[in-house]
Amino acid sequence: MGVVRRVNRLRLCAERVALFLLGLNSLRDLAPVRDRTGRIRPRDTLLFCTLRNERIRLPHFLDYYRKLGVQHFLFVDNGSSDGTGDYLAGQADVSVWRTSASYKRARYGMDWMNGLLNRHGRGHWCLTVDADEFFVYPHMHTRPLQALTEWLDGCHRRSFGTMLLDMYADRPIAETRYQEGQDPFEILSWFDAANYSVDRNGKYRDLWIQGGPRQRVFFADRPELGPALNKVPLVNWRFGMVYRSSTHNLLPRGLNQVYDDRGGERACGVLLHAKFLDLFGAKAREEIARGQHYAASREYRVYEDKLTQGLSMWTPASTRYRDWRQLEDLGLLSSGSWA
């Protein structure tokens with residue numbers, strides 16, 4: 001057994017080194033549009049994001065995370081044509097790089113993120129999210145993000161886990177109109193309170209969560225193909241860490257153990273997912289044409305097939321969103337010992 005464990009550790013170490021080197025090498029793909037990382041202060045909380053053609057989302061996205069307590073944003077713009085890069089370059093707290101390299105070959109953008117995280121994120125608490133993901137954590141309305149990270153430091157925790165919670169409207173997706181600067185959850189105000197499954201991955205020590213409206217609506221006939229909803233977006237970054245599979249898990253694998261296996265309950269959060277707006281139809285068609293997503297953009301092909309049918313995700317069993325306390329009552333978020 002001891003030999004097997006040592007071999008497994010060596011394999012994990014080799015995987016981490018390989019991903020680390022891929023991340024550093026991928027920085028050659030990135031051309032700085034505005035590099036303001038010299039303004040980053042030692043205790044700043046940073047946000048990292050890869051995006052493409054998300055200009056309409058950015059005013060609210062930046063405002064939301066600034067209010068939470070993010071001090072600097074680092075974006076990779078993967079060939080936007082809607083003014084995304086120019087808009088970001090005009091923001092004083094943003095650094096942005098542009099690339100036309102393959103999103104797929106960069107492991108769906110994670111090599112670029114790993115490269116930037118290891119170059120600029122060392123010693124900082126770093127949030128890594130998509131442009132349609134909004135971090136929710138216990139006591140967020142009365143305690144800034146720095147209060148959470150200071151508490152995590154005091155508990156000697158290096159990472160903070162979340163579940164991705166798909167939000168939707170009570171009307172067809174194509175009729176869910178979004179305007180620039182709007183809070184998307186004014187219209188995406190519903191979610192599935194149940195219908196989730198959790199499995200533990202022994203090799204990487206992470207929890208694998210599936211279910212919710214995307215599995216219910218898009219993958220009802222093959223639920224095992226439903227998207228993973230477990231994320232570890234907030235990490236106290238140290239040199240040599242890497243995201244292994246999107247932000248679902250990391251190496252070293254101890255960063256994935258964001259749950260308590262001794263019978264208690266660890267504090268955890270939620271990423272509210274603002275995907276299903278009227279923008280989504282055009283996005284799905286674009287990504288199918290580009291073919292840059294996982295499994296030949298299979299997930300987007302399923303979406304496109306359903307969207308043409310005037311799909312609505314709402315059902316009488318849907319739950320209207322209120323706040324983080326509601327999510328804790330439902331068991332989707334936990335304040336743990338952070339009273």
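Miscellaneous remarks
- When every residue of the range 306-324 is checked against the conditions, at least one turns out to be in a helix (DSSP H, G or I), over 30 Å from residue 139 (Cβ atoms) and either of a type in the set (A, V, I, L, M, F, W, C) or at pLDDT below 90 (or both).
- Taken as a whole, the condition of being part of a loop (DSSP other than H, G, I, E, B) and surrounded by 20 or more Cβ atoms within 10 Å (Cβ to Cβ) does not apply to residue 235.
- Taken as a whole, the structure places residue 186 among residues that are free of Cβ contacts under 8 Å to residues at least 24 places away in the same chain, surrounded by fewer than 19 Cβ atoms within 10 Å (Cβ to Cβ) and among the acidic types (Asp, Glu).
- Residues that are charged (D, E, K, R) and touching a residue at least 60 places away in the same chain (Cβ under 8 Å) within the range 198-213 comprise just one, 203.
- Each residue in the range 33-88 was checked for being among the hydroxyl-bearing types (Ser, Thr, Tyr) and out of contact with any strand residue (DSSP E or B) (no Cβ under 7 Å at 6 or more places or on another chain), and 3 pass.
- Some residue of the range 139-154 being in contact (Cβ under 8 Å) with a residue 12 or more places away in the chain, closer than 18 Å to residue 312 by Cβ, of a type outside the set (D, E, K, R) and surrounded by fewer than 19 Cβ atoms within 10 Å (Cβ to Cβ): no
- Any hit, the range 74-93, residues being over 29 Å from residue 285 (Cα atoms) and either among the charged types (D, E, K, R) or outside any loop (DSSP other than H, G, I, E, B) (or both): yes
- Contact map, the range 47-67: residues that are surrounded by 19 or more Cβ atoms within 10 Å (Cβ to Cβ) paired with residues that are polar (S, T, N, Q) and part of a strand (DSSP E or B), Cβ distance under 6 Å, separation 6+ or inter-chain. Pairs shown: 48/128.
The values are calculated or read from the model by the stated rules, or taken from the named source; none is laboratory data. Not measured: the values here are computed from a predicted model. With ideal geometry, Cβ positions are generated from the backbone for all residues, glycine too; neighbour counts draw on all protein chains shown.
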